[in-house]
Amino acid sequence: MTYDLLIKNGTLIDPAQRIHATKDVAFTNGVVAAVGDDLPKADAREVLDASGHIVTPGMIDLHVHVFAGVSHFGVEPDPTCLAKGATTVVDAGSAGADTFPGFRKYVIDVSATRIYAQLNISSQGLLTREIGEFEFPEYANVSKACAMIEQHRDVILGVKVRLTKHSIVSERSGMLPLHRAREAADAAGLPIMVHPQDAWCDSLDDILAVMRDRDILTHCFHGWKCGILDEHGQVRTSVREAMERGVVFDVGHGAGSFNWEVAERALAQSVLPQTISSDLHVYNVNGPVYDLATTVTKFLHLGLSLDDAIAKVTSVPAHVIQMSDRIGTLAVGAWGDAVIFELHAGEFQLIDAHGTARIGKQNLVPTTVIKGGRVYSAS
Ligand SMILES: [Zn+2]
């Protein structure tokens, strides 16, 4: 047999290759073996008919929390990410230097989901809801973070910091964690990922002043202080300048970090997120986030084309984490991850992180997930 698996007759949307057409895709030995107009069924051990369906590369979620059993945010990655089409995810700071070896051993190395991580600059990571990771400034430990990055460079992609005053950062920690994250990331040659809302500073300008090319500002459409809009609802000049110099604006929907009005105002001013991520965790997996595809559906409602929205969960995040040759595309030779979707038409209630609803006309629903060239099933 030439192919292990062949997906026939689907509408292939692969923004990395600028493909939006009816195409067949075949996989062999875990990688994409061929993309073509009529690949022969006889050459494949298993054939899936995707007529009337959309076929995309496996989605990449740049912001999830999957350190289940240790971090209070953690969900199990395989049923909540992989089974829902996010074949590659980045855990955004659930683990810090004190807890990362356990995250590696008991989650990253044993999950079917492909997991990378942003290391929290707080050495404890996100253990408990009651005591914030920067209650004590001593938790922001640069040398411990750097040592852990050196041991796990194959999976640690950057340094995460959360800056919210309430229940995360004490007054005496203030803005120190941001500067410690910068220091550790610079020493390691990696970017930072910042959760900015309601920090101990005047506005987002003070945070963006520390951010550079390849750094990620997550929760970019949150509705709290330190947001991307000024008091008149205009996108801040500092935001446009940061985008110009290559700071990545990422959705990170979460339980409190996606506001319809902020997103609508930003898009009306031609400011779009580069990447769509879910910030999936215990407190939103049963709504309002559910999964990454539901977050993509919200951006279809906001007016993004299907191709643009798919790009923001495939080719663009692959580029951001410098893995464009392996993931986020179905180019021949790429790792064999794909999703088969149904795009439903109708009326769908879409809820933001504040409980505000919009009615969408489309709903993107993953039906089959392929990981490493095989159909993924939970059993
Ligand atoms: Zn998060």
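Just so you know, all these numbers are worked out from the coordinates, no wet-lab data involved. Please read these numbers as outputs of a predicted model, since none were measured by experiment. Quick reminder, even Gly has a Cβ in these numbers, built from the backbone with ideal geometry, and neighbours come from all protein chains shown.
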Open item on the list: Give me the one-decimal nm value for the distance between modelled label points at Ala42 and Thr356, 7 Å along each residue's Cα-to-Cβ direction.
Closed with: 6.0 nm
Task: Semi-axis lengths, Å, the chain, gyration tensor of Cα atoms, sqrt of 5 times eigenvalues - done: 34, 24, 18
Open item on the list: Taking the 0 to 90 degree range and rounding to the nearest ten, how far is the long axis of helix 292-301 tilted relative to the main principal axis of the chain, both from C-alpha atoms?
Closed with: 90 degrees
TODO: Could you work out how far helix 142-151 tilts from the main Cα principal axis of the chain, as a 0 to 90 degree angle to the nearest 10?
DONE: 20 degrees
Task: Sequence of Phe27, Phe348 once ranked by neighbouring C-beta atoms within 10 Å, starting from the fewest - done: Phe348, Phe27
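With only Lys, Arg, Asp and Glu charged, each at its Cβ (+1 for the first two, -1 for the last two), find how big the charge dipole of the stretch 209-285 is about the Cα centre; round to the nearest 20 debye.
On the way: 7 positive and 10 negative charges, 22 e Å.
Approximately 100 debye in magnitude.
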Open item on the list: Taking R0 as 35 Å, what FRET efficiency do you get between Ala345 and His232 from their Cβ-Cβ distance, rounded to the nearest 0.05?
Closed with: 0.40
TODO: Choose one of Ile359, Gly96, Gly246: the residue whose Cα lies farthest towards the positive end of the charge dipole of the chain (beta-carbon charges +1 Lys, Arg; -1 Asp, Glu; about the Cα centre).
DONE: Gly96
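What is the dipole size for the chain, taken about its Cα centre, with +1 at each Lys and Arg Cβ and -1 at each Asp and Glu Cβ, in debye to the nearest 20? List each step's numbers first, then the result.
Working: 32 positive and 45 negative charges, 53 e Å.
Here the chain has a charge dipole of around 260 debye.
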Task: Pairwise label distance in nanometres, Arg18 with Met175, each label 7 Å out on the Cα-Cβ vector - done: 4.3 nm
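How long is the gain from His319 to His166 if the chain were fully straight, where each residue apart is worth 0.36 nm and the alpha carbon distance is subtracted? Walk me through the numbers before you get to the answer.
On the way: separation 153, 0.36 × 153 = 55.08 nm, distance 3.36 nm.
The span from His319 to His166 would gain 51.7 nm if fully extended.
Which whole-number percent gives the relative contact order of the chain, counting Cα pairs below 8 Å spaced six or more residues apart?
Working: 958 pairs, mean separation 73.4, N = 379.
Once normalised by length, the contact order is 19 percent.
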Open item on the list: Antiparallel versus total DSSP beta bridges in the chain: what percent is that, nearest 5?
Closed with: 50 percent
Task: Which of Pro77, Cys226, Tyr283, positive extreme of dipole for the stretch 58-320 (C-beta unit charges) - done: Pro77
- [ ] Name the most mobile residue of Ile108, Ile131, Ile156, meaning the one with the largest mean-square fluctuation, in a Gaussian network model of the chain with Cα contacts below 10 Å.
- [x] Ile131
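For a quick check: sort Leu178, Leu272 by the number of other beta carbons within 10 angstrom, fewest at the front.
If I rank by nearby Cβ atoms, fewest first, I get Leu272, Leu178.
Stokes-Einstein at 37 °C, 0.692 mPa s, Kirkwood radius from Cα pairs: D for the stretch 206-353 in µm² s⁻¹?
On the way: Rh = 16.1 Å.
Answer from the Stokes-Einstein relation: 203 µm²/s.
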- [ ] Mind giving me the nanometre distance, one decimal, between the label points for Arg212 and Val282, set 7 Å out from Cα along Cα→Cβ?
- [x] 3.7 nm
